[in-house]
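A.B. asks: Attaching a single structure in structure tokens format; questions to follow.
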Amino acid sequence: MAGHFAELTRGAAPDAWDAPSPVPEWAARDVVRHLVTWFPQFLAGGSDVVLLAGPSVDDDPVEAWRVHADSVQRVLDDPEVAALMFTNPHTGTMPLAQAIDRFYTADIFLHTWDLARATGQEPGLDADFALTMVEGMEPMDEVLRSSGQYGPRVEVPEGSDAPTRLIGFIGRDPFWTAPA
């Protein structure tokens, strides 16, 4: 997930970073900012793991993402660190690698679509992963909506593919394009 997101950061034209994204009030760079800022705080709230900080997203969103993603990957590549227990009153206790997979991988996947759309690139979302996500999220619809993390479901045409269904489920218009 992080590698594909990195490809999209590198593929964005320099003038695309201030383009609107499908997330209201966010530009393309804000999609990157969200991912590199909330996750270190999340880790700090349940472990002693501290990620390296890269340059400001305002100065260099591509490098900010690279440093951040590399830092997360180092955590996962170290078996001792990955096995550390992550404890948070909202999520419970689980191995750190599991917490990263459960909460962060999904967020990267969803925001890949936002970044691609904002920067005029193809999202290239994996259909099988999207199907697994949407099928896992649909039974929790009410709980997810009440969290404030997702907008109202956007209805999609019957027979839509899994990525389209997923994007509609999380409250984005799957047919959104950046204003000209």
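This table checks each residue for (1) of a type outside the set (D, E, K, R); (2) within 23 Å of G120 (Cα to Cα).
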residue: E142; (1), (2): no, no
residue: R145; (1), (2): no, no
residue: G148; (1), (2): yes, no
residue: V156; (1), (2): yes, yes
residue: G159; (1), (2): yes, no
residue: T164; (1), (2): yes, yes
residue: G168; (1), (2): yes, yes
residue: D173; (1), (2): no, yes
residue: A178; (1), (2): yes, yes
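A.B. asks: Given the structure, is A64 more than 11 Å from L115 (Cα to Cα), under 17 Å from the mean Cα position of the chain (by Cα), in a helix (DSSP H, G or I) and not β-branched (V, I, T)?
C.D. replies: Considered against the rule, which asks whether it is more than 11 Å from L115 (Cα to Cα), under 17 Å from the mean Cα position of the chain (by Cα), in a helix (DSSP H, G or I) and not β-branched (V, I, T), A64 comes out as yes.
A.B. asks: What number of residues in the range 44-66 are touching a helix residue (DSSP H, G or I) at 6+ places or on another chain (Cβ under 8 Å), in contact (Cβ under 8 Å) with a residue 12 or more places away in the chain and farther than 21 Å from L8 by Cα?
C.D. replies: Here the count works out to 5.
A.B. asks: Filter the helices (runs of 4 or more DSSP H) completely within the range 112-180 down to those with at least 1 residues that are within 19 Å of E25 (Cβ to Cβ) and within 16 Å of the chain's Cα centre (by Cα).
C.D. replies: Helices (runs of 4 or more DSSP H) meeting the threshold: 162-169.
A.B. asks: Looking only at the range 133-154, how many residues end up being over 13 Å from I167 (Cα atoms) and surrounded by 14 or more Cβ atoms within 10 Å (Cβ to Cβ)?
C.D. replies: Final tally of qualifying residues: 2.
A.B. asks: Just the residues that are closer than 16 Å to A106 by Cα and not hydrophobic (A, V, I, L, M, F, W, C), please, taken from the range 148-180.
C.D. replies: Q149, Y150, P163, T164, R165, G168, G171, R172
A.B. asks: Here's another thing I want to ask about it. Within the range 19-39, how many residues turn out to be over 18 Å from R172 (Cα atoms) and either free of Cβ contacts under 8 Å to residues at least 24 places away in the same chain or surrounded by fewer than 17 Cβ atoms within 10 Å (Cβ to Cβ) (or both)?
C.D. replies: Qualifying residue count for the region: 2.
A.B. asks: Sort out which residues of the range 4-16 are touching a residue at least 60 places away in the same chain (Cβ under 8 Å) and over 30 Å from P89 (Cα atoms), and write them in order of number.
C.D. replies: Correct list: H4, A6, L8, T9, G11, A12, A13, A16.
A.B. asks: Somewhere in the range 86-99, is a residue at pLDDT below 95, surrounded by 20 or more Cβ atoms within 10 Å (Cβ to Cβ), out of contact with any His (no Cβ under 6 Å at 6 or more places or on another chain) and assigned to a helix (DSSP H, G or I)?
C.D. replies: yes
The values are calculated or read from the model by the stated rules, or taken from the named source; none is laboratory data. Everything numeric here is computed off the predicted structure, so don't read it as measured data. All Cβ positions, glycine included, derive from the backbone under ideal geometry; neighbour counts span all protein chains shown.
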